[in-house]
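Data first, discussion second: the structure below is written as structure tokens.
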Amino acid sequence: MKTYLIRHMGLLFLSCLCISLASCSDDEWGNDNEEKRNEFFFGFQDWGNLKNNVTYTVAQGSTVEIPVQFWCEGTRSFDAEAFYYVDSKLALGTDYQVVDINGSTLQPDGNGAFVMKWDLKSADTTNNHRIQNICIKALNGNKGDITLLTFNPNDKDDKGALNISNAYTPNNLTPQYEVHAFTQNYKVKVTIK
């Protein structure tokens with residue numbers, strides 16, 4: 001009798017858990033919420049152990065591709081832009097270059113940001129996570145580290161810490177859409193060897 005009660009209590013608990021999880025499936029950022037429909041999320045694809053300590057290595061003369069993802073369900077009538085930043089003591093153009101997937105050199109804008117354009121007019125093929133790569137090419141210069149970030153490394157609070165407000169922080173705010181960067185995967189390190 002005791003085994004029977006424990007088994008049925010366990011089944012009842014699992015049923016309640018499944019019902020409660022199913023009722024939470026449509027979060028506030030779904031396409032059904034018109035206010036949040038044009039809020040998107042941007043971050044590195046590799047979440048590591050949620051401590052922002054993912055590292056890539058690249059040999060001199062080689063290029064490393066770092067995948068980033070853009071979360072957007074469905075299509076829109078416009079494309080969006082997200083920004084990423086490079087923080088390093090190494091010299092851009094001397095020790096390394098940021099290049100596109102074809103190897104063409106990219107330059108930062110006046111704020112030090114590299115612009116990444118996201119096609120939102122076409123249907124996504126990766127379950128709402130559009131994927132592109134940031135490419136870093138080592139130029140046979142100095143060895144060392146480069147940090148790639150989805151937050152501006154110069155945006156710091158009065159204690160010198162990166163100015164991150166909550167689970168997602170604005171990356172690009174426009175009248176038409178908002179792009180937010182996650183805090184769990186906002187940076188990766190590239191080591192040139």
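The values are calculated or read from the model by the stated rules, or taken from the named source; none is laboratory data. Just so it is clear, the model here is predicted, and its values are computed rather than measured. Every residue, glycine as well, gets a Cβ built from its backbone with ideal geometry; the counts of neighbours run over all protein chains shown. When the accessible area is computed, the model is the full protein with side chains, heavy atoms only, and any ligands, DNA or RNA have been set aside. Shrake-Rupley method; radii C 1.70, N 1.55, O 1.52, S 1.80 Å.
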**Prompt:** Checking D95 against (1) open to solvent by less than 40 Å² (accessible area, probe 1.4 Å); (2) without any contact (Cβ under 8 Å) to a residue 40 or more places away in the chain, which test does it fail?
**Reply:** (2)
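Only one of P170, P175 is under 14 Å from F42 (Cα atoms) and without any contact (Cβ under 8 Å) to a residue 60 or more places away in the chain. Can you tell me which?
Values: P175 fails: under 14 Å from F42 (Cα atoms).
Sole residue among the options that is under 14 Å from F42 (Cα atoms) and without any contact (Cβ under 8 Å) to a residue 60 or more places away in the chain: P170.
So how many residues does the stretch 57-89 have that are in a strand (DSSP E or B), open to solvent by less than 50 Å² (accessible area, probe 1.4 Å) and more than 27 Å from L139 (Cβ to Cβ)?
Step one: filter the stretch 57-89 for residues in a strand (DSSP E or B), giving 57-58, 63-71, 80-88.
Applying the additional criterion that residues be open to solvent by less than 50 Å² (accessible area, probe 1.4 Å) yields 58, 64, 66-70, 80, 82-86, 88.
Adding the requirement that they be more than 27 Å from L139 (Cβ to Cβ) leaves 69-70, 80.
Counting residues in the stretch 57-89 that are in a strand (DSSP E or B), open to solvent by less than 50 Å² (accessible area, probe 1.4 Å) and more than 27 Å from L139 (Cβ to Cβ) gives 3.
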**Prompt:** Does the stretch 165-180 contain at least one residue that is hydrophobic (A, V, I, L, M, F, W, C) and under 23 Å from T55 (Cβ atoms)?
**Reply:** no
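If I ask for residues that are farther than 18 Å from N52 by Cα and either open to solvent by less than 50 Å² (accessible area, probe 1.4 Å) or modelled with pLDDT under 95 (or both), which ones from the stretch 133-145 would you list? Before the answer, list the steps.
Within the stretch 133-145, the subset farther than 18 Å from N52 by Cα is 135-144.
Correct list: C135, I136, A138, L139, N140, G141, G144.
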**Asked** K156 versus (1) farther than 23 Å from K36 by Cβ; (2) touching a residue at least 12 places away in the same chain (Cβ under 8 Å): which is the lone unmet condition?
**Response** (2)
**Asked** What is the residue count in the stretch 146-167 for residues that are open to solvent by 60 Å² or more (accessible area, probe 1.4 Å) and either touching a Cys at 6+ places or on another chain (Cβ under 6 Å) or assigned to a strand (DSSP E or B) (or both)?
**Response** 1
